[in-house]
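Derivation of every value follows stated rules applied to the coordinates shown; laboratory data play no part. Bear in mind the structure is a predicted one, so any value in this text is a computation, not a measurement. Using ideal geometry, Cβ is built from the backbone for each residue, glycine included, and neighbour counts are taken over all protein chains shown.
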Amino acid sequence: MSDVDLRAFPEVMAKNGYALLTDLEDTGVRRILQRMEAYQVAFLEQTHDLWRPEFPIPGDTLAHFSRQWELPYAWANLAGSRGRILDAGSGITFFPFLLASEGAEVDCCDRDGEGLGLADRFQAAVAQTTASVRFVEGELTDPPYPARSFDAVICISVLEHAGPRRLEIVRALAHVLRPAGRLVLTYDVNLGGGGEMPLEEVALVLGEVQRFFEPVYPLDLSRPPTLLTSDSYLSSGRWRLPWPWRPSEQPSVRFADEPIGSDQFQSIAIFGLTATRRP
C-alpha cells in the first residue's frame, strides 16, 4: 500500500464545474489516484469471490473514465471528514471502504431493483476487510434515515439515471444532511442533446440544489476545449468506457432506434458540485 497522503488537496478540484482532461494531469490528483489504485487492488484481492463474471458491477471501478476524476473530486471535497458520511446510490465499490479505512463512519444506501444481492455482498465485503461499512437497501427519494443524520453526503453518477426522481433525490439528501454539512455531487451531462441528462435537465438540478445548499465554489459552466468527455476515449481508450462498445462494422448490435454506426455513449461530460446545507 502506498504512503501517499490522500489529504493533500489538489487545487484543480476546488471548483463547481466540468471535469477537465488537464485535471487528470495534476500532480495532486495523480497522487490520489495512485493511492486509490493500490487500495482498490488490495480490496479486490480480499473480496475476490464477489466479482464473478455474472455480477454486472465491475470490481475495477477506476477503469471507468469518469471515476478517474469523480472519486478524487469527491475525496478532496469531503475536506478530510471523519464524521458520518452517506454514499447515496453506492452500488458496491472500494470507495466507501477506503473512506472507512481513513476514519470516516460510512453508510451506503441504494436500491437493489435488479436483485443483485447488494446487502449480502456488502456484508461479505465487511467480513473480508478491516473497514466497517453499513449498507441499507432503500430508495434515494426517501432514504431510511432520520433528518440531519449525516455530516457529509456523496452522490456519484446517480442523478443522470434517476429521470424525473432526480429533484426528489436532491430534496431527500438535504433532509438527511445536517446544517452546514457538505454535499458532493457528480453526474454525467449529455452535451450532444437528448440522452439521460441534457443541459436542460442539469439546469433544473442546479436550481434545486441552490434552494437547499450554499455552493462552496462559484458555479463555472464554461466548456473549454480541454473538457474531459467520453469522446476523448472513443478513439484513445475505449477500455475506459464500460458501456457496450458498438463499432460501425457491427451494426447488428445497435439499439433498435439508433442509426447504424452511431454510439450511445458520445458527448458525455462530467460535472462536479460541492455545497453546504443551508440552516
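Before moving on, here are some points about what is shown:
- Gained length - A79 relative to A63, 0.36 nm times residue gap less alpha-carbon distance: 3.3 nm
- Exposed loop sites are taken as GluC sites (Glu not before Pro) in a DSSP loop (any state but H, G, I, E or B) with at most 10 other beta carbon atoms within 10 Å; the longest stretch of the chain without one runs 115-248.
- Longest stretch of the chain clear of exposed loop sites (trypsin sites (Lys or Arg not before Pro), DSSP loop, at most 16 other Cβ atoms within 10 Å, sites excluded): 149-279.
- Within a Gaussian network of the chain (alpha carbon springs, distance under 10 Å), most fluctuating of A104, A125, A203: A203
- Phi to ³J(HN,Hα) by Karplus 6.51 cos²θ - 1.76 cosθ + 1.60 over segment 199-209, Hz, x for Gly, Pro: 4, 4, 6, 4, 4, 5, 4, 4, x, 5, 4
- According to the Cα-based calculation, Rg over Rh for segment 29-87 is 1.00, with Rh computed by the Kirkwood formula.
- Computed label-point distance, nm, for sites E139 and R111 using a 7 Å Cα→Cβ extension: 0.7 nm
- Under Karplus coefficients 6.51, -1.76 and 1.60, residue-wise ³J(HN,Hα) of segment 92-106 in Hz, glycine/proline x: 9, 9, 6, 5, x, 6, 5, 4, 5, 5, 8, x, 7, 9, 10
- Look at W239, W51 and count the other Cβ atoms within 10 Å of each Cβ; fewest to most, that gives W239, W51.
- Under the simplified labelling scheme, the T226-E214 pair shows an inter-label distance of 3.0 nm, with each label point 7 Å from Cα along Cα→Cβ.
- P(r) histogram, all alpha-carbon pairs of the chain included - 5 Å bins from 0, percent: 1, 5, 12, 16, 19, 18, 15, 8, 3, 1, 0, 0
- Counted charge near E54, where neighbours are those whose Cβ lies closer than 13 Å (Asp, Glu -1; Lys, Arg +1): 0
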